[in-house]
Amino acid sequence: MAELSDAVKERLREWTYALGGPGTRARLEKLTPPRNEYGVDPYGFDAEYAVAAIAPLLWLYRKYFRVQLTGIDHVPSEGRVVLVSNHSGQLPFDAAMIEVACLIEKDPPRALRALVERWVPTLPFVSTFMARCGQIVGTPENCRRLLAADEAILVFPEGVRGLNKPFRERYRLRPFGPGFLRLALESSAPIVPVGVVGAEEQAPALFDLKPLARLLAFPAFPITPTILPFPLPSRYHVLFGEPIRLQGSPDEDDQELEQKVAVVQGAVRELLARGLAEREHVFW
Amino acid sequence: MPSAPITFPGMPGTVIVTGISGNLGRALAKELHTETHVVGIDRRPFPEKPRDVDHVQVDLRKNRVEEAFRHRRVDALIHLGIMHDPRMPFSETHSFNVLGTSKILDLCVRHGVRKVVVLSSANVYGPRPENSSFLPEETPLMAADRFSDVRDLIEVDMYAQSFLWRHPEIETVILRPVNIVGPTVRNAPSNYLRLESPLTVLGFDPMLQLIHEEDVARALALALKPGLRGVFNVTGPGEVPLSAVLRELGRHPVPVPHLLVRGLVRRAFEARLTSFPPEEVDHIQYLCIVDGSRFAREAGWSPKYTLRDTIRSVS
């Protein structure tokens, strides 16, 4: 994937424009991150590569998960912002759908920087794909630097605990860690809560094969009805909530912060409840 | 690319350069000798030495090194006398690097040298999958965690850091430049980039930072600036994916799956088919990108070579 030939990239870009509908091309051309003569920004984000690489994800977005979008205007067009979402579905398609939504459905588009687990850079192809699409290892230093540069970061405070939770616990949020909140307070960035409904049903985990996960150094190895966590075509509902601006010091005790974390977690929970009430069926 | 040598008010009058016979040392001598009196120390001879440069040919660990400090007032010392050779017995490089550094720094104290510049490397942080994108100078030096041979490099850096705190009367500057490349450089990154068909790790394409050897010489000269003190990363003209560097140089990479590549390189190294120890694979798999903004801000540093020219300088 790192070495997609120019012809393949060009064809993928055409596919992105076709799936995105009229005006997509003009909108995506407004995406002008800093880039050097080799087409990348200092983190390795390559906008041209990303427009090509999202084609299959955009197909999933339009044709497979048929994403129902609410409140995309709550994502500010510029300035630092932290998007906070629930996490589910064994494989992070929820992250991909949120990012595609912000690229395709917003005018001008907004390229999100999703924070990935620290073991992702050890995965072949995935590591390169992530970097060229603007994703980055979720260290506090990386977040600070990106927020200081007025970028939009996408955080899943539940982490893999949320991603790989068993099916019987679907739509029950795992406790949010306070890290994202400290960063948001430090850089006085607004927080946009995001709720994703549908990802829980894409790959229901029956159980977690822990010994194999340990052997492969994966965070989990869920066994799903399709054996491997290949997603089923559940219908996605992605809801963006109103930006939350919290006041306070990032150096407060965890207990103090927990109240603020609870505000954000409550907002995400509310979005999930709305999405669940809205949907008529898991698959259509 | 000729350009005016680095100079500033308060340029020290006499500067000792250890390791002057190496490629970087010679580039530095060329940069400095028109602006100040340069005295070289190296156990190797210095052929084609500029006439106004003095050379003391002696091993850094020998007592005779002190000759370089006698009969003249030494204002500054630039310590490049660090050796890297994966084929050399570790005890020998370790003794040369660590003992040599402590000896030369002690002499600086004894002879009242006011400025000491030690060349370290951004490799002391080590390429690691969990690295942040831009490592600041405070990052723990974790390179030896995955590659024990670099521990003498880390020890030299740490020794220089403790020297910096123990001797507030001396302005100590520790420079950690990113991968040094250039037409005459023979270090691991340059040798790798010179390969016609270099191995790469299938599915990995980390960002790299390169700096031209002449830019490093200029950074070393700039570090002599009065008032400058501390530890600094030194970056070149930017960050670029490994694949783009190889493409720019017209190389034909041979991707090898990551589960096999280290075993393969180890076999080749043991059979003396390659000069790369298997641990070097980390550099073409994981990130080691540093933040050079402190040196830019405090010393006014900016590289002279563009990204493209820096890359092309290895061919």
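Laid out as a table, the results:
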| quantity | calculated |
| --- | --- |
| Shape of segment A:6-278, Cα gyration tensor, a/c cut at 1.5 | rounded |
| Separation of the A:L216 and B:M158 label points, Cα + 7 Å toward Cβ, nm | 3.8 nm |
| Theoretical ellipticity at 222 nm over the protein assembly as shown - DSSP helices of four or more residues, -39500 (n - 2.57) apiece, nearest 500 | -9500 deg cm²/dmol |
| Extent along principal axes [Cα atoms of segment A:148-284; Å; largest to smallest] | 46, 40, 29 |
| Three-way shape label, segment B:1-82, alpha-carbon gyration tensor, a/c 1.5 | oblate |
| Alpha-carbon radius of gyration plus Dmax, which is the widest Cα pair, for segment A:113-197 in Å | 13.8, 41 |
| Spin-label model distance (nm) - B:L249 vs A:E169, 7 Å beyond Cα toward Cβ | 4.9 nm |
| With at most 12 neighbouring Cβ atoms within 10 Å, loop trypsin sites (Lys or Arg not before Pro) (DSSP) excluded, longest segment of chain B | B:88-185 |
| For the protein assembly as shown, the spread of Cα positions along each principal axis, largest first, Å | 92, 53, 49 |
| Choice from B:V17, B:V109, B:V156 showing the highest fluctuation, given a GNM over chain B with Cα pairs closer than 10 Å | B:V109 |
| Sparse-neighbour loop sites [GluC sites (Glu not before Pro); segment A:209-284; at most 16 other C-beta within 10 Å; DSSP] | A:E252, A:E280 |
| Fraction of antiparallel bridges per DSSP, segment A:6-278 only, in percent to nearest 5 | 35 percent |
| log10 of Debye I(q)/I(0), alpha-carbon scatterers only, for chain B at 0.09, 0.13, 0.16 Å⁻¹ | -0.44, -0.93, -1.41 |
| Low-density loop cleavage sites - GluC sites (Glu not before Pro) in segment B:152-226, where at most 13 other Cβ are within 10 Å (DSSP) | B:E169, B:E196 |
| Paramagnetic label zone (point 7 Å from Cα along Cα-to-C-beta, A:R11; backbone N under 19 Å) in segment A:50-68 | A:50-60 |
| Set B:K30/B:K225; A:K106/A:K210; A:K30/B:K304; B:K30/B:K115; B:K225/B:K304 screened for pairs whose C-alpha atoms are more than 29 Å apart | A:K106/A:K210; A:K30/B:K304 |
| Amide proton proximity set for B:V116, modelled H, under 5 Å, gap of 5+ | B:L77, B:E171, B:T172, B:V173 |
| Averaged over B:241-248, number of beta-carbon atoms from partner chains that fall within 10 Å | 3 |
| Dipole moment magnitude, nearest 20 debye, the protein assembly as shown about Cα centre, only Lys, Arg, Asp, Glu C-beta charged | 800 debye |
| Cα-projected label distance for B:E169 with A:E252, points at 7 Å along beta-carbon direction, nm | 5.2 nm |
| Selection of GluC sites (Glu not before Pro), segment B:1-82, meeting DSSP coil and at most 11 other Cβ within 10 Å | B:E48 |
| Acute angle (nearest 10 degrees) that the helix B:258-270 long axis makes with the longest principal axis of chain B, alpha-carbon atoms | 60 degrees |
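FYI, it's all coordinate maths here, none of it is from the lab. In this text, all values refer to a predicted model and were calculated from it rather than measured experimentally. Glycine gets a Cβ as well: all are built from the backbone with ideal geometry, and neighbour counts include every protein chain shown.
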